[in-house]
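What follows is one structure encoded as structure tokens, with my remarks underneath.
Just so it is clear, none of the values below were taken in a lab; they were calculated from the coordinates. If you're wondering where the values come from, they're calculated on a predicted model, not measured in any experiment. Positions of Cβ are generated from backbone atoms using ideal geometry, with glycine treated the same way; all protein chains shown enter the neighbour counts.
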Amino acid sequence: MNAMEWMQTLLISGLCIPSFCADYRQHCLIETPKSWFDAQSYCRERGYDLATIDDMGAMKSLLGLSADKAHDELWIGLHYGGHKEWRWSLADKDFYQEGGRKYRNFEGSSETEMFVRQHNGKWYTGGIWTQLFFICYDGNRKGGERYVLVSKAMSWTDAQVYCRSTHTDLVSIRNPEENQAVATAIDELNVWIGLFKYGEHWSDGRNSSFRHWSPDFGVLLPQNCAVMTGRTSGRWRQRSCDELHPFLCTQGRR
């Protein structure tokens, strides 16, 4: 069965709903439980891949697709890949000019800590359970008002959720000038910024740094893959890749 025939079958069976498709891709819910790797093979054999989620718009589309189904957890395309890289929480590629994603100003770091804090303009790593004040970026404001200090201690993942729900995201720092502007805004406090390190990769090879973890979890561990929890606003959790779950396939560019 080719991809077109498979799509027709999905349309007839009601498993694929075009009204919930993004501009250049379609998301399809497959209700037969499989392991993560078997689900990946199933999607790829039909010209698809396990779903990559780029932003909250895609999250809402997938939640709508699964809203009338009785599935607590669905495989998505995120899995542990072993190689850890620093990424900014704000995933919008148009936000970063050449080299902007790679600006760093570390004073100290630990291989076992996944998140980054700024103090007096210098960057340090922090742990998953560390609670600090944090600084959000608000793209609807101008000048120094774009940097919003939140004087409430939270974990990095909780701070990310807060910034995304009330502003744009945790702050990204693209150059020395922005680093100084953030340092001025936080006035010698020790705060979370939007940089984090992960060993996760998307099945289709995309570089999206968007994450929507449940507040009690923020990084994938070895041998684990990500599920979207349909009954908790789409929050993600880790599960053993050998567990059997329904899953979401995506058609679109690689």
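Before moving on, here are some points about what is shown:
- Listed by Cβ neighbour count within 10 Å, with the fewest neighbours leading, Lys102, Lys84 appear as Lys102, Lys84.
- Sites Ser233 and Lys142 - FRET efficiency at Förster radius 35 Å, r taken between beta-carbons, to 0.05: 0.70
- Look at Trp202, Trp156, Trp75 and count the other Cβ atoms within 10 Å of each Cβ; fewest to most, that gives Trp202, Trp156, Trp75.
- Couplings 3J(HN,Hα) of segment 186-200, computed from phi: 9, 6, 6, 6, 9, 10, 6, 10, x, 8, 8, 10, 8, x, 9 Hz, in residue order, whole Hz [Karplus 6.51 cos²θ - 1.76 cosθ + 1.60, θ = phi - 60°; x for Gly and Pro].
- Sparse-neighbourhood loop sites, GluC sites (Glu not before Pro) in segment 89-119 - DSSP loop, at most 12 other Cβ within 10 angstrom: Glu98, Glu111
- When each of Asp49, Asp94 is scored by the number of other beta-carbon atoms lying within 10 Å, the sequence from fewest to most is Asp94, Asp49.
- The P(r) of segment 82-198 has a tail past 23 Å containing 19 percent of all C-alpha pairs.
- Estimated inter-spin distance, Asp187 and Phe106, nm [label 7 Å along Cα→Cβ]: 3.1 nm
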